[in-house]
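Asks: My questions all concern the structure below.
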Amino acid sequence: MSDLSSKSMWPEFFALWPELQAVGAGSVVLAGGYGLFLKQTWLLAHPEVPTIISLAQWLDSTPRGTNDFDFVIGVDLIASADAQVKVRAMLEKHGFKPKSPMWQFEKPLGGGLSIVVDIHAPHPAEADKGVKVEQGRVKRKPSLGAQALHGRADPESIGFDLRPFRFEMDGRSIATPNPVTWCSMKLTAMRDQRVKSEDARLSPAERKEIRNKAVKHALDVCRVVALTTRDERDGTAEVIRCIEDAAPFKQAASIAAEYFQPEGWGPTVVEFAWAPDDLRLIRDTLAAWFK
């Protein structure tokens, strides 16, 4: 399926976001490629906001395309029957139908194009009652059946609601994850696709396609770091203190150490997109965050 240009997805996001925030304000952030697109677009319009690597220094500053909205939601939203019903009704009102029940929803646009909404959620803590993890999904118990809303279980999204980056576009107040959590998510996705691409049972064409996805996630790791503002950088220590003892953070640290060492797979496949000094700074920043 062809990717939409991220710019053309704005009307759909413009309609969805305020209604989603009305249901789960403080419990929803926009991650994924579209989150990166909007954050980069905002920073391009605000050059006075310093980032770890100035956009003027990027070798390729073109925001990548996507056809997904990746929303990370809180376990509290999944545990609420009222919130589930409202989100499902909102998605259906805007033309999004279940694709991978009950965490992925798709809206056909014609011409072979569609927009997909992916709902992600961190693993619930032991103290979180009324939810469970089953078949890779965070679910309410008891289930709401056909009206249920699940979250794709992403343990690496731990801390997504800590110090989100907030900015405004066309009257919409948008929130994206803090850079440490966002890197954790992208590092894990990169590793998963990289490992999958080495499956000898797949055809060469399939392995190449999956490897390209791994490279895309590696590039996104670099973009997350490069787009980190000074205020975000100053807040990373607080985020790390809150999540560093958790298994998902330790796993992300292991992935960063393996894949983003100086001669590792990550720097090798993204070096075309960054000047050597900037790539070194990206590696050093990851090493500092994921000790």
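The values are calculated or read from the model by the stated rules, or taken from the named source; none is laboratory data. Source: prediction; values computed, not measured. When we count neighbours, we look across all protein chains shown, and the Cβ atoms used for this are built from the backbone with ideal geometry, even at glycine. In case anyone asks, the SASA skips ligands and DNA or RNA and just uses the protein heavy atoms, side chains included. Shrake-Rupley method; radii C 1.70, N 1.55, O 1.52, S 1.80 Å.
Asks: For I158, tell me the accessible area in Å² from a 1.4 Å probe, rounded to the nearest 10.
Replies: Spelled out: I158, probe radius 1.4 Å, area about 40 Å².
Asks: Can you report the principal axis dimensions of segment 137-291 using only the alpha carbons, biggest first, rounded to whole angstrom?
Replies: Its Cα atoms span 47, 44, 38 Å along the three principal axes.
Asks: Something else: Using a 1.4 Å probe on the protein heavy atoms, what percent of the accessible area of segment 1-75 belongs to carbon and sulfur?
Replies: Roughly 56 percent of what the probe reaches on segment 1-75 is carbon or sulfur.
Asks: Report the extension gain between A15 and S114 in nm, rounded to one decimal, defined as 0.36 nm multiplied by the number of residues separating them, less their alpha carbon distance.
Replies: This chain segment gains 34.0 nm when fully extended.
Asks: Hey, any idea what the orientation-averaged projected area of the convex hull of segment 202-291's Cα atoms comes to, in nm²?
Replies: Mean orientational projected area (segment 202-291, Cα hull): 6.7 nm².
Asks: May I pose another question? Got the relative contact order for the chain handy, in percent, Cα pairs under 8 Å and 6 or more residues apart?
Replies: Here the relative contact order equals 19 percent.
Asks: Sticking with this one: For segment 127-186, which whole percent of the accessible surface, found with a 1.4 angstrom probe, sits on carbon and sulfur atoms?
Replies: 44 percent
Asks: Identify which of T176, T66, T188 has the largest mean-square fluctuation in a Gaussian network model of the chain, with springs joining Cα atoms closer than 10 Å.
Replies: Of T176, T66, T188, the most mobile in the Gaussian network model is T66.
Asks: Next up: Multiply the residue gap between E168 and R241 by 0.36 nm, knock off their C-alpha separation, and tell me the result in nm, one decimal place.
Replies: So the extension gain works out to 23.5 nm.
Asks: If you don't mind, there's one more thing I want to ask. Using the alpha-carbon atoms, what tilt in degrees (0 to 90, nearest 10) does helix 247-259 show relative to the longest principal axis of the chain?
Replies: 30 degrees
Asks: Which of the pairs K93/K139; K141/K216; K132/K208; K93/K132; K129/K213 have their Cα atoms more than 31 Å apart in this structure?
Replies: K141/K216; K132/K208; K129/K213
Asks: Report the relative contact order of segment 202-291, percent, no decimals, based on alpha-carbon pairs under 8 angstrom and at least 6 residues apart.
Replies: The value is 37 percent.
Asks: Follow-up question, since we're still on this one. Would you calculate the separation in nanometres between label points at D231 and D192, each defined as 7 Å from the Cα along the Cα-to-beta-carbon direction?
Replies: It works out to 3.1 nm between the two label points.
Asks: With every protein chain kept in place and ligands, DNA and RNA left out, what is the accessible area per residue of the chain? Probe 1.4 Å, answer in Å².
Replies: Per-residue accessible area for the chain comes out at 46 Å².
Asks: Here's something else I'd like to know. Computed over the Cα atoms of segment 59-124, what is the ratio Rg over Rh, Rh following Kirkwood?
Replies: Using only Cα positions, Rg/Rh for segment 59-124 is 1.06.
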